[in-house]
Amino acid sequence: MIMSYISLHSIYWLSVNFLCNVFFLAIQFAVLSMYFFFKNRNDRVIINKKIGMGDILFLLAACSFFSTVNFIAFYLCSLFFIAVVYIVSILFKRELIKISIPMAGLQSIFLIMCIYISIIIKYSLVNDDWLVLKLSNL
C-alpha cells in the first residue's frame, strides 16, 4: 500500500484500485465456489480444502499494490505461470500425483519478477496510464 500511495499520491485512487481488485477477486471466488458446489454437491466450503487462506491473504495484499488492469493481468499471468511450473514438475517426476500447488508462493515469485521487470523497463504497476495512452491513440 505504501508503494502505491507514494506512486499515486492519492488515498482516493488507492482505495478505488483496491476495491475494484477485491471485487474482481470476489467474482473469481464466487464462480470457483459455484463450480465446486455443482461438481461436488456436498462440498460447500472451499477455503482450506481447495484454496488456502494464505492464497487469499496474498491476493488481498496484492490488490493494494496494482491498478485494476495490471492486477487482472498479474492474476491471469501468474495462474499461467503456476500451470507451467506444475506441468514441468509433473514431467520431471514422470508420474501424475496429487499434490497441493503452493499458489501463494509461486505467485509471490511471479510478483518479484514483475516488480524487477517493471523497475528495469521503468513501468508503473500502480496506474493504467499505458492503457489511457493506447486508447487515446485509437
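The values are calculated or read from the model by the stated rules, or taken from the named source; none is laboratory data. Predicted, not measured: the structure shown is a model, and the values here were computed from it. Note that each Cβ is placed from the backbone with ideal geometry, even for glycine, and that neighbours are counted across all protein chains shown.
Can you find a residue in segment 91-102 that is touching a helix residue (DSSP H, G or I) at 6+ places or on another chain (Cβ under 9 Å) and among the hydroxyl-bearing types (Ser, Thr, Tyr)?
no
I'm checking my understanding of the structure. Among residues of segment 1-57 that are surrounded by 14 or more Cβ atoms within 10 Å (Cβ to Cβ) and not in a helix (DSSP H, G or I), which one is modelled with the lowest pLDDT?
Among residues in segment 1-57 that are surrounded by 14 or more Cβ atoms within 10 Å (Cβ to Cβ) and not in a helix (DSSP H, G or I), the one modelled with the lowest pLDDT is Ile46.
Counting only residues that are modelled with pLDDT of 90 or more and in contact with a Ser or Thr (Cβ under 9 Å, 6 or more places away or on another chain), how many does segment 79-107 have?
So the count comes out to 2.
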